[in-house]
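Data block below; observations after.
Laboratory data are not the source of any read-out in this text; all were calculated from the coordinates shown. Computed from a prediction, not measured in an experiment: that's the story for all the values here. Please note: Cβ atoms are built from the backbone with ideal geometry, for glycine as well, and neighbour counts cover all protein chains shown.
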Ligand code: CP
Ligand code: NVA
């Protein structure tokens, strides 16, 4: 069976650790691994805007000896309603892998069911698993470990980043607390899946409505935009609901004194995060953005090796 990466728990703990170790070695020796030499092509499809994902996949695929074929929805027949199944069949005969940022999780799942090459989720409404590989690499660089660390995510508990922190953090053996309003909880199925993974890895997964409780003693404090792509019609009342969950100096005073701060970006200073925090000494967001490159190169290298084994 072709391996895909559609959600964080598509990788078990040992597999996640293997990819993170590979990400570190690719960071140390950026051009030493060329699984796409040929050059082979990787399709990178976008149904939503992107800066970091677009750049890091395009650069990473080139670093690996391949050709990135970046396609925006507006210029492909997929954007005009051509079936995903038909697009998958056309792509699989020509490209080594398919990377896709889109809306519903069901769309990447359909692509994966019909493509005989690895499919990678570059963000859906439900998960952002490539971001989490970069986040975990960044945390380990700054904290020397993952297992046993306390990670607090404050903000929209129902969005893709909250869900990915739960699953990927639990897989890494971390204690993940999502602090979000009662009206914006994580998906209950994803929360219970994270708790089940955490039981195996020694971590934990929780939803806390009290933001002060969620961030207390955290080693890692993470947040994300309050208005995700596709949620632009959210009201002012909704933003008010999130205000107590802002990552500002008061929130950071409750975290561990040596806590690091993550934000997947783009950031909205003065909303989910204060300028003093994101531009301050505890912020590691630029390392985090760079690590998208190394972590995704590691992921592609790992998936391509497995696809090769199958042949
Ligand atoms: N963090 C992230 O995925 O950024 P982009 O939306 O710019 O790709
Ligand atoms: N939750 C955000 C992440 C952006 C990288 C969104 O989906 O827009």
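Taking the number of other C-beta atoms within 10 Å as the exposure measure, put 235, 276, 283, 204 in order starting with the fewest.
Fewest to most other Cβ atoms nearby, the residues stand as 235, 276, 204, 283.
Could you put 161, 1 in order, starting from the residue whose Cβ has the fewest other Cβ atoms within 10 Å?
1, 161
Using only Cα atoms and rounding to the nearest 10 degrees, what angle (0 to 90) does helix 285-310 make with the longest principal axis of the chain?
So the helix axis and the longest Cα principal axis differ by about 40 degrees.
How far is the Cα center of the range 98-143 from the Cα center of the range 12-47, in Å?
The two parts, judged by their Cα centres, are 14 Å apart.
Roughly how compact is the range 87-159, stated as its Cα Rg over 2.2 N^0.38 Å to two decimals? If you can, show how the numbers build up before the last one.
Values: Rg = 15.8 Å, N = 73, 2.2 N^0.38 = 11.2 Å.
Here the Cα radius of gyration is 1.40 times the empirical estimate.
Using Cα atoms only, what is the angle between the long axis of helix 129-143 and the major principal axis of the chain, expressed in degrees (0 to 90) to the nearest 10?
60
Take the Cα atoms of the range 201-248, find their three principal axes, and give me the spread along each one in whole Å, biggest first.
39, 22, 17
When the chain is modelled as a GNM with alpha-carbon springs shorter than 10 Å, which of 109, 240, 18 fluctuates the most?
Taking springs between Cα atoms under 10 Å, the residue moving most is 240.
Consider just the alpha-carbon atoms of the range 101-250 and return their Rg together with their Dmax, both in angstrom.
For the range 101-250, the Cα-based Rg and Dmax read 15.4, 50 Å.
How tilted is helix 105-114 with respect to the longest principal axis of the chain? Cα atoms for both, answer in degrees (0 to 90, nearest 10).
Taking the Cα atoms of the chain, the angle to 105-114 is about 20 degrees.
Using only the alpha carbon atoms of the range 163-258, find the Kirkwood hydrodynamic radius as the inverse mean reciprocal pair distance, in angstroms to one decimal.
14.1 Å is the Kirkwood radius here.
Please compute the Cα-Cα pair-distance distribution of the chain with 20 Å bins starting at 0, giving whole percents from short to long.
35, 58, 7
How high is the relative contact order of the chain, in percent, counting Cα pairs under 8 Å that sit 6 or more residues apart?
Value for the chain: 20 percent.
Treating the Cα atoms of the range 199-311 as identical point scatterers in vacuum, please give the log10 of the normalised Debye intensity I(q)/I(0) at q = 0.12, 0.19, 0.23 Å⁻¹, two decimals.
Evaluating at q = 0.12, 0.19, 0.23 Å⁻¹ gives log10 I(q)/I(0) of -0.57, -1.07, -1.28.
Across 10 Å bins from the origin, how do the percents of Cα pairs in the range 118-186 run, short distances first?
21, 51, 25, 3
Report the normalised scattering of the range 41-84 as log10 I(q)/I(0) at q = 0.16, 0.20, 0.25, 0.32 Å⁻¹, calculated by the Debye formula with identical scatterers on the alpha carbons.
-0.44, -0.64, -0.85, -1.08
Give me 99, 260 sorted ascending by neighbouring Cβ count inside 10 Å, so fewest comes first.
With the fewest neighbours first, 99, 260 line up as 260, 99.
Return the calculated 222 nm mean residue ellipticity for the chain, to the nearest 500 deg cm²/dmol, obtained by summing -39500 (n - 2.57) across DSSP H runs with n ≥ 4 and dividing by the residue count.
Value at 222 nm, helices only, nearest 500: -13500 deg cm²/dmol.
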